[in-house]
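To keep things clear, I will list the structure first and then write my remarks on it.
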Amino acid sequence: MAQVLVKFFATVREVTGVKSLELEAETVKELLQSLVMTYGDKFKDTVIDENTGNLKQFFSCMVNGKRIELLDGYDTVLKDKDSVALFPPVGGG
Amino acid sequence: MIDGVGGHTLWVNLTKGSIEKKPLDEEVISNYLMGAGYLSRVLFDLIPQGIDPLSEKNVLGMATGLLTGSMFPQASRHVIAALSPLTDIWGESHAAGFWGAELKFAGYDAIVFTGASTSPVYLNIKDDDVDLLDAEEAGIWGKDVFETDDILKEKHGKRIRTLSIGQAGENLVRFAAIMNDRDRASARSGLGAVMGSKRLKAVSVRGTGKLTVADPKNYLKQIDVFHKRMMANPFTPGRIKYGTTSLVELMQHIGRLPSYNMRQGVFDGFEKISGDAINEKYLVKARADFSCLQRCGRYTAVRSGPYTYEGGAPEFETQSAMGSRCGNDNLESVLFGHHLANQYGLDTISLGGTISWAMEAWDEGLLTADDTGGVDLSWGNHETVVRLTRMIAMREGFGDVLAEGSARAAQKIGRGTDKFVMAVKKQEIAGQEPRAQKSMGLAAATAARGADHLYAFPVLDEAGFDEEIRERFGKQYLPEMADRLSPKYKGIMVKECEDYMVMIESVGLCKYGTQIPPEFFYEDIAVALKIHNGLELTKRDLQVIGERIVNLNRLFNARLGVTRKDDCLPERLTKEKAPLGPPAGEVVELDAMLDEYYTERGWDLKTGLPTKDTLERLGLEEDV
């Protein structure tokens, strides 16, 4: 299990009530499950697509600034001290 | 005449003081739509080569889009264009608000100003009554944007909508904005200085007419579908709550937040200037423009201290330009500086880009207090950022040098300071550190008005649009096209996005809703043009129109000598590796992306100009 720092932004932060959290997880999928356990239904309803169990459309998860779609997706293996960010739909210029 | 339009263009000769009302040219509409496309065509034919942009020979156009004033989500936009005094090439700028819709309700889709007045004037429109009036007698010449709005409302009634320049435009600051509805800005390209050079202070308008729609039977039903889709989009709640201000944190996280004059894309003080910091202490409320469901505009207030004010709020670009770019984490100064820029009528992107250029030159010891008249230009000096905003608008002291923009200021100062000019074709690059998002580097290099993130607005590689890329381009382009650090396929993406975005600027819609989030696309625009205007246009027709406009803009610039050599970026971005954050070690591989872009466009690889075949395909062969 890797010890990682998860950072929350904007409307995701409103649900967690904290800017960041240290936790242990082996993969991104495990990390999201752990966050659902920690923050309950409000987090689940806001962030997770109930049909797929993945992030809702346009939500973004990055590991060390890199989108998980460009890594191994939800199976991306985490390492100690990785920085994981969870963004709600946000973008533009 | 088609439905959904005012039906006329006002032709105002400021030299003669004459005003003529002419019906819209439907042939131009069928080839270019209205808005940006219409002005691209009309001004290409009217602006002579080899003129001074600040002379009476320049022509200033203002136009609404075909859907402006409709009930389509975010149908609030108008476009202003002329030869730019900042770049000396095609100049174009857009804004939301209510002014554009009001102009259409008065019966006009566009205004074209030729010549220059010998004394200050403003144009007042009340439906059929259109008058050029004395701006000095009205007491608005020399006044700021807010005072001008107050005085004109006192004089012509509180329901008028105003568009005006502030002192920056009157003083011919080369990045002066044209403001409307007090705090909406057509800021880029320095078109406020063109208004100033023509001694045209304002255009006030009141329209009490109505727009007809082509399909009244199905109109509301279809509009309801569009509205429900927009409201259900996952982006909408966050937009309403944060506007674009929450972008600071995303950009910091991906290393794309221009900091210290683009030396780097991360800023230690980012949390202090973030959307959360604004919402926590300074947000008054969100605001919407005409028919806007995204409501990304906001009002903010600072209630005490030297930066006390209440008014329009900065968006991401200003947080970046007057904040991180200047190494400034004092949020109240960013909020107040933005307010001052609106008041005087300045483009905050070029303002922050020019001040940060001077700060880096100071940091390198190439500018001293002898040059600046004692103004301290240390990184993060928030008092200097605010002080210079006023000095630039008024052209006081060192502000007079900076009022020329960073490229001309560097030329005047010399001593190698041009190395720190972060501009393309003399316009300062906006809030996208392109070493962290390659598509934005290419977009800045190719945009018709000089450095510009909005001409293409290639945001599909920013965060999580793989599905949209698959649908718009095909799965064969993944994952590279969605990888912001990969230069691959970015030429294809930027070309497609440019064609789409200029079409959107020609129908008067916002990029929010059509590009990010990508809720509406060509097919939806075709439906809207059918029920509103009665136009039968296919997706392919609209794509070709967009492509035609981009090519015509390129021909306008080609007449002025622009070729591939000008589609460049500062060497810092193409040769010096990004020092920090996720893009550490990256440079912008511009040449490879340009090759792909020109190939996709049907432009010559060596000159970067449209080939004969391309021009013939688009019906532009006679414009060479």
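The number of residues in the stretch B:483-514 that are closer than 28 Å to B:His94 by Cα and touching a Leu at 6+ places or on another chain (Cβ under 8 Å) comes to 13.
Looking only at residues of the stretch B:567-587 that are among the acidic types (Asp, Glu) and surrounded by fewer than 16 Cβ atoms within 10 Å (Cβ to Cβ), we find that the one that is farthest from B:Val266 (Cα to Cα) is B:Glu571. Here the condition is being assigned to a helix (DSSP H, G or I), within 14 Å of chain A (Cβ to nearest Cβ) and farther than 24 Å from B:Pro583 by Cα; of B:Arg408, B:Arg387, B:Arg470, it holds for B:Arg470 alone.
Residues that are over 20 Å from B:Ala101 (Cα atoms) and in a loop (DSSP other than H, G, I, E, B): does the stretch B:296-303 have at least one? Yes - at least one qualifying residue is present in the stretch B:296-303. Being assigned to a loop (DSSP other than H, G, I, E, B), over 14 Å from B:Gly207 (Cα atoms) and touching a strand residue (DSSP E or B) at 6+ places or on another chain (Cβ under 7 Å) is the filter here; which residues of the stretch B:101-118 pass it? Within the stretch B:101-118, B:Gly115, B:Ser117 qualify.
Results for (1) assigned by TED's automatic domain parsing to the domain that holds B:Ala584; (2) on the phi < 0 side of the Ramachandran plot, shown as yes or no for each residue.
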| site | (1), (2) |
| --- | --- |
| B:Gly416 | no, no |
| B:Ala430 | no, yes |
| B:Pro458 | yes, yes |
| B:Ile469 | yes, yes |
| B:Ser486 | yes, yes |
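Close Cβ contacts (under 6 Å, 6 or more residues apart or on different chains) running from residues in the stretch B:47-63 that are touching a residue at least 60 places away in the same chain (Cβ under 8 Å) and under 22 Å from B:Glu404 (Cα atoms) to residues that are surrounded by 23 or more Cβ atoms within 10 Å (Cβ to Cβ) and β-branched (Val, Ile, Thr) comprise B:Asn58/B:Val194; B:Leu60/B:Val194.
Can you pull out the residues in the stretch B:175-199 that are more than 15 Å from B:Leu60 (Cβ to Cβ), among the basic types (Lys, Arg) and not in a strand (DSSP E or B)? Within the stretch B:175-199, just B:Arg182 meets the criteria. Residue-level check: of (1) more than 12 Å from every other protein chain (Cβ to nearest Cβ); (2) out of contact with any Lys or Arg (no Cβ under 8 Å at 6 or more places or on another chain); (3) closer than 27 Å to B:Pro582 by Cβ, B:Asp499 misses just (3).
Looking only at the stretch B:253-277, residues that are in a helix (DSSP H, G or I) and surrounded by 23 or more Cβ atoms within 10 Å (Cβ to Cβ) come to 4 in all.
The number of residues in the stretch B:275-311 being of a type in the set (Lys, Arg), under 26 Å from the mean Cα position of the chain (by Cα) and over 17 Å from B:Thr514 (Cβ atoms) comes to 3.
Summed over the stretch B:580-616, residues that are part of a loop (DSSP other than H, G, I, E, B), charged (D, E, K, R) and closer than 28 Å to B:Trp357 by Cα total 2. For the stretch B:441-448, the criterion of a residue being of a type in the set (A, V, I, L, M) and surrounded by fewer than 24 Cβ atoms within 10 Å (Cβ to Cβ) is satisfied by no position. Residues in the stretch B:59-74 that are of a type outside the set (A, V, I, L, M) and either in contact with a helix residue (DSSP H, G or I) (Cβ under 6 Å, 6 or more places away or on another chain) or not assigned by TED's automatic domain parsing to the domain that holds B:Ala202 (or both): B:Gly61, B:Thr64, B:Gly65, B:Thr68, B:Gly69, B:Ser70, B:Phe72, B:Pro73. Every test in (1) buried (at least 21 other Cβ atoms within 10 Å of the Cβ); (2) in contact with a helix residue (DSSP H, G or I) (Cβ under 9 Å, 6 or more places away or on another chain) is passed by B:Ile223 save one, and that test is (1).
Here is a yes/no grid of residues against (1) in contact (Cβ under 8 Å) with a residue 24 or more places away in the chain; (2) within 25 Å of B:Ala482 (Cβ to Cβ):
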{"site": "A:Val12", "(1), (2)": "yes, yes"}
{"site": "A:Leu21", "(1), (2)": "no, no"}
{"site": "A:Glu24", "(1), (2)": "no, no"}
{"site": "A:Thr52", "(1), (2)": "no, yes"}
{"site": "A:Phe58", "(1), (2)": "yes, yes"}
{"site": "A:Cys61", "(1), (2)": "yes, yes"}
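Counting just the residues of the stretch B:209-252 that are in a helix (DSSP H, G or I) and of a type in the set (Gly, Ala, Ser), which one comes out nearest to the other protein chains (Cβ to nearest Cβ)? The extreme case among them is B:Gly238. Candidates B:Tyr455, B:Tyr477: the one that is touching a residue at least 12 places away in the same chain (Cβ under 8 Å), within 14 Å of another protein chain (Cβ to nearest Cβ) and crowded, with 22+ Cβ neighbours inside 10 Å is B:Tyr455.
Answer yes or no: is there a residue in the stretch B:228-240 that is touching a strand residue (DSSP E or B) at 6+ places or on another chain (Cβ under 8 Å), closer than 25 Å to B:Gly399 by Cβ and surrounded by fewer than 24 Cβ atoms within 10 Å (Cβ to Cβ). So far as the stretch B:228-240 goes, no, none of its residues is touching a strand residue (DSSP E or B) at 6+ places or on another chain (Cβ under 8 Å), closer than 25 Å to B:Gly399 by Cβ and surrounded by fewer than 24 Cβ atoms within 10 Å (Cβ to Cβ).
The residue list B:Asp329, B:Asp400 contains one member that is outside any helix (DSSP H, G or I) and either within 26 Å of the chain's Cα centre (by Cα) or crowded, with 24+ Cβ neighbours inside 10 Å (or both), which is B:Asp329.
Residues checked against (1) within 25 Å of the chain's Cα centre (by Cα); (2) polar (S, T, N, Q); (3) surrounded by fewer than 19 Cβ atoms within 10 Å (Cβ to Cβ):
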residue: B:Thr87; (1), (2), (3): yes, yes, no
residue: B:Gly91; (1), (2), (3): yes, no, no
residue: B:His94; (1), (2), (3): yes, no, no
residue: B:Glu102; (1), (2), (3): yes, no, no
residue: B:Thr114; (1), (2), (3): yes, yes, no
residue: B:Leu123; (1), (2), (3): yes, no, no
residue: B:Ala135; (1), (2), (3): no, no, no
residue: B:Gly139; (1), (2), (3): no, no, yes
residue: B:Lys155; (1), (2), (3): no, no, yes
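If you filter the stretch A:8-20 down to residues that are of a type in the set (D, E, K, R) and closer than 18 Å to A:Ile48 by Cβ, you find that the one that is surrounded by the fewest Cβ atoms within 10 Å (Cβ to Cβ) is A:Glu14.
For the stretch A:5-57, a residue qualifies if it is outside any helix (DSSP H, G or I), away from every other protein chain (no Cβ under 12 Å) and among the small types (Gly, Ala, Ser), and the qualifying residues are A:Gly17, A:Ala25, A:Gly53. Tallying residues that are within 7 Å of another protein chain (Cβ to nearest Cβ) and under 19 Å from B:Leu257 (Cα atoms) within the stretch A:65-93 yields 11.
The values are calculated or read from the model by the stated rules, or taken from the named source; none is laboratory data. These numbers come from a predicted model, not from an experiment. Note that we place each Cβ from the backbone using ideal geometry, even for glycine, and neighbour counts take in every protein chain shown.
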